[in-house]
Amino acid sequence: MKEAITGVILAGGRGQRMGGVDKGLQDLDGRSLVQWVLARLAPQVDAVVINANQNLARYAALGCRVLPDAIPDFAGPLAGLHAALPQATTPLLLTVPCDSPFLPDDPAQRLHAALEAQGAELAVARTGDRVQRAFCLTRRAILPKLEAFLDSGEHKVGLWHASLKLAEVAFHDEADGFRNIDTPQDLAAARSNR
């Protein structure tokens, strides 16, 4: 029997590479980036929440619960996971960034299969030689380990992953689906390629 999964859209960053604007709310062909992600993520999971630290009402208008970081100063993707873990009512959480509008339609299923098969604490996507650290599936029970890691002053996702029993899942067949829209140039290229 499939375990229930909460999808967590990570939209809590400063958007520095996008010129200081809220990346998730940038327009791509008439819809915000977060709307593209939500449309692709929602069919894969049982519930969706959005981690955001600004424009909370605009994110809430999408019909999802919005969870700001409990850790101050835009502490990164781990702060988003930290905000969602204690609020989730499902045993599993899948994180995806708000700036990945081409998200494939099967990461939840493929990451879950690897998590189970390898008895891992966390499953993460890999495309080519790049680990896509923001695309990961973990158990809600990992919260105490994450809190201890953050309490130590660390925030680097790679160091956090290195401390866990990790399953890497190859998505070489869907590498383009993990492409991030980080900069205005990325956004312009995505618009011209659609």
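Inspection of the range 5-21 identifies no residue that is modelled with pLDDT of 90 or more, among the small types (Gly, Ala, Ser) and open to solvent by 50 Å² or more (accessible area, probe 1.4 Å).
Within the range 175-194, restricting attention to residues that are at pLDDT 85 or above and open to solvent by 40 Å² or more (accessible area, probe 1.4 Å), the residue that is nearest to the chain's Cα centre (by Cα) is 179. Screening residue 75 with (1) at pLDDT below 95; (2) touching a helix residue (DSSP H, G or I) at 6+ places or on another chain (Cβ under 7 Å); (3) within 19 Å of residue 147 (Cα to Cα) gives one miss only, at (2). Going by what's in this entry, would residue 34 be described as modelled with pLDDT of 90 or more, in a helix (DSSP H, G or I), out of contact with any His (no Cβ under 9 Å at 6 or more places or on another chain) and under 24 Å from residue 138 (Cβ atoms)? Considered against the rule, which asks whether it is modelled with pLDDT of 90 or more, in a helix (DSSP H, G or I), out of contact with any His (no Cβ under 9 Å at 6 or more places or on another chain) and under 24 Å from residue 138 (Cβ atoms), residue 34 comes out as yes. Would it be correct to say that residue 175 is of a type in the set (A, V, I, L, M), in contact with a strand residue (DSSP E or B) (Cβ under 6 Å, 6 or more places away or on another chain) and assigned to a helix (DSSP H, G or I)? When the stated conditions are applied, residue 175 passes them. Just checking, how many residues over the range 63-98 are open to solvent by 50 Å² or more (accessible area, probe 1.4 Å) and out of contact with any Pro (no Cβ under 9 Å at 6 or more places or on another chain)? Summing the residues that are open to solvent by 50 Å² or more (accessible area, probe 1.4 Å) and out of contact with any Pro (no Cβ under 9 Å at 6 or more places or on another chain) in the range 63-98 gives 10. Listed conditions (1) farther than 28 Å from residue 28 by Cβ; (2) touching a residue at least 24 places away in the same chain (Cβ under 8 Å) are all met by residue 70, apart from (2). Looking across the range 148-162, the residues that are surrounded by 15 or more Cβ atoms within 10 Å (Cβ to Cβ) and either more than 16 Å from the chain's Cα centre (by Cα) or without any contact (Cβ under 8 Å) to a residue 40 or more places away in the chain (or both) come down to 149, 150, 161. Of all the residues in the range 51-62, those that are open to solvent by 30 Å² or more (accessible area, probe 1.4 Å) and either under 13 Å from residue 8 (Cα atoms) or charged (D, E, K, R) (or both) number 1.
The values are calculated or read from the model by the stated rules, or taken from the named source; none is laboratory data. Because the structure is predicted, anything quoted here is derived from the model rather than measured. No Cβ is skipped: glycine too gets one built from the backbone with ideal geometry, and neighbour counts run over all protein chains shown. The protein model used for the area step is the full one, side chains on, heavy atoms only, and it has no ligands, DNA or RNA in it. Shrake-Rupley method; radii C 1.70, N 1.55, O 1.52, S 1.80 Å.
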